[in-house]
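The values are calculated or read from the model by the stated rules, or taken from the named source; none is laboratory data. Worth saying up front: this structure is predicted, and the values here are computed from it rather than measured. Positions of Cβ are generated from backbone atoms using ideal geometry, with glycine treated the same way; all protein chains shown enter the neighbour counts.
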Amino acid sequence: MSGRFQIAIHILTLLDKADGKLLSSQFIAGSLNANPALVRKELSNLNKFGFVNSREGQGGGYSLGKRAADITLADVFRTVQTGSVLGSTKNQPNPACSVGKQINQNISKFYDEIDNVVIGTLANTTLANFSSRFN
């Protein structure tokens with residue numbers, strides 16, 4: 001799993017806790033202790049999917065684009081995750097081997113099952129639920 005999910009959830013939790021106050025990418029980057037360019041890239045992605053709103057210029061910044069109760073962690077996960085939770089390999093096993101010729105299709109099915117469990121679990125938690133864990 002890439003770190004993008006954690007970054008996205010961190011950003012969205014900050015925005016939820018801001019109660020509508022606009023937060024700058026610089027402020028958000030400070031909370032994440034991350035490069036502001038990386039944060040702006042993730043904010044752009046979250047904006048594309050309607051999770052955040054942005055306002056440019058003096059006094060601009062970012063706010064939630066939807067109510068926290070309407071955002072599930074699965075929704076966020078789907079926007080940042082590319083490929084299986086467990087990753088993938090580009091290795092091409094030996095097709096003459098009884099295991100090698102079938103490993104990729106069997107691993108792929110197994111990975112799909114795992115992805116469905118992860119997404120199902122994340123679907124049961126809203127951003128509001130998650131955000132309520134913070135003071």
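Computed values, structure above
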| item | result |
| --- | --- |
| Subset of segment 77-108 [more than 23 Å from the chain's Cα centre (by Cα) and not in a loop (DSSP other than H, G, I, E, B)] | GLY100, LYS101, GLN102, ILE103, ASN104, GLN105, ASN106, ILE107 |
| Close pairs from segment 118-135: first part of a helix (DSSP H, G or I), partner modelled with pLDDT of 95 or more and polar (S, T, N, Q), Cβ under 8 Å, at least 6 apart | LEU122/THR72; ALA123/THR72; LEU127/THR13; LEU127/THR72; PHE130/THR13; SER131/THR13 |
| Test: residue in segment 7-17 that is surrounded by fewer than 17 Cβ atoms within 10 Å (Cβ to Cβ), over 13 Å from the mean Cα position of the chain (by Cα) and in contact (Cβ under 8 Å) with a residue 40 or more places away in the chain | yes |
| Unique match (being closer than 22 Å to ASN135 by Cβ and among the aliphatic types (A, V, I, L, M)) among LEU32, LEU38, LEU43 | LEU32 |
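Results for (1) closer than 22 Å to GLY3 by Cα; (2) crowded, with 18+ Cβ neighbours inside 10 Å; (3) without any contact (Cβ under 8 Å) to a residue 60 or more places away in the chain, shown as yes or no for each residue.
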site	(1), (2), (3)
ILE28	yes, yes, yes
SER31	yes, no, yes
ALA37	yes, no, yes
LYS41	yes, no, yes
GLY50	yes, no, yes
GLY57	no, no, yes
SER63	yes, no, yes
ALA68	yes, yes, no
THR72	yes, yes, yes
